[in-house]
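Novice: First, the structure itself, so that you have it in front of you.
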């Protein structure tokens, strides 16, 4: 195995796509909490610490699910089941990343941010990961650590958490449901091979899945307008995110009608489009 391939394999263990979302949402919390970035060194150290914790958490998720990844078509070529990286090496790598990240957050930022980083890692690895084989509620449980990063950014900028920070948490928490339920519907056969108790696996007709997609999409539209109501953002944000939310909700409704893989992909695309739009609008329309 060439060194470049080993490096790429270790990078894959850190789940770069998830880490990038974590970093962006954390940066958003920092920006909004501090009404801008007033200390670039602090901001950079925050992102470094969070990146390490996120990468380590992703690595340990790979380690814990290596047996099940080998059974799924989508994941059987991941670094551990394919034999590129030994499980023990991945375990050590993940632990070092998490501890290093938490230490940086504690020393360079503050105790609250370090605690939130450690809490996120614990919930993702020790609660959400095993829950995938226990209950279909794993999606909702997993949405909790997925929504904590903006709280970490807010705490890094202000040293505390408040109602506005909680709204960011709520938006990300709700958003993850249509996003991951659409993925679960698309990959239900693969999840069944691994024994994951995703809702579409337990209820193949998708009735509850589609109902929850519409419910959470509707709640997301409402929650996303709260920043404009409380003065965290303005009218441009409200108009833009409201329109994007209606589109997302309609995509969910369309999927409930057709139950097709193509409409599941369209909903997934809508969720991927929605979050960057929300982040961009809330930043550019930040009240002076």
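Novice: Test residue 144 against the stated conditions and say whether it is in the same structural domain as residue 57 (by TED's automatic domain parsing), under 23 Å from residue 232 (Cβ atoms) and surrounded by fewer than 19 Cβ atoms within 10 Å (Cβ to Cβ).
Specialist: yes
Novice: Here's something else I'd like to know. Using the structure shown, decide if residue 107 is assigned to a helix (DSSP H, G or I), assigned by TED's automatic domain parsing to the domain that holds residue 29, out of contact with any helix residue (DSSP H, G or I) (no Cβ under 6 Å at 6 or more places or on another chain) and closer than 21 Å to residue 7 by Cα.
Specialist: No: the conditions fail for residue 107.
Novice: Only one residue in 234, 240, 252, 245 is in contact with a helix residue (DSSP H, G or I) (Cβ under 6 Å, 6 or more places away or on another chain) and over 29 Å from residue 138 (Cβ atoms), so which one is that?
Specialist: Result: 240 is the single residue among 234, 240, 252, 245 that is in contact with a helix residue (DSSP H, G or I) (Cβ under 6 Å, 6 or more places away or on another chain) and over 29 Å from residue 138 (Cβ atoms).
Novice: Within region 209-231, can you find the residues that are over 22 Å from the mean Cα position of the chain (by Cα) and either part of a helix (DSSP H, G or I) or surrounded by 15 or more Cβ atoms within 10 Å (Cβ to Cβ) (or both)?
Specialist: If the condition is that a residue be over 22 Å from the mean Cα position of the chain (by Cα) and either part of a helix (DSSP H, G or I) or surrounded by 15 or more Cβ atoms within 10 Å (Cβ to Cβ) (or both), then 228, 229 are the ones that fit.
Novice: I'd like the residue in region 72-82 that is crowded, with 17+ Cβ neighbours inside 10 Å and more than 9 Å from residue 13 (Cβ to Cβ) and, out of all such residues, is farthest from the chain's Cα centre (by Cα).
Specialist: Taking the candidates together, the pick is 81.
Novice: Taking the condition of being surrounded by 21 or more Cβ atoms within 10 Å (Cβ to Cβ) and free of Cβ contacts under 8 Å to residues at least 60 places away in the same chain, how many residues in region 20-53 meet it?
Specialist: 1
Novice: What tally of residues in region 102-118 results from selecting those that are within 11 Å of residue 53 (Cβ to Cβ) and either modelled with pLDDT under 95 or surrounded by fewer than 17 Cβ atoms within 10 Å (Cβ to Cβ) (or both)?
Specialist: Final tally of qualifying residues: 1.
Novice: Take residue 171 and decide whether it is outside the structural domain of residue 274 (by TED's automatic domain parsing) and part of a helix (DSSP H, G or I).
Specialist: Considered against the rule, which asks whether it is outside the structural domain of residue 274 (by TED's automatic domain parsing) and part of a helix (DSSP H, G or I), residue 171 comes out as no.
The values are calculated or read from the model by the stated rules, or taken from the named source; none is laboratory data. Quantities reported herein were computed from a predicted structural model and do not represent experimental measurements. When we count neighbours, we look across all protein chains shown, and the Cβ atoms used for this are built from the backbone with ideal geometry, even at glycine.
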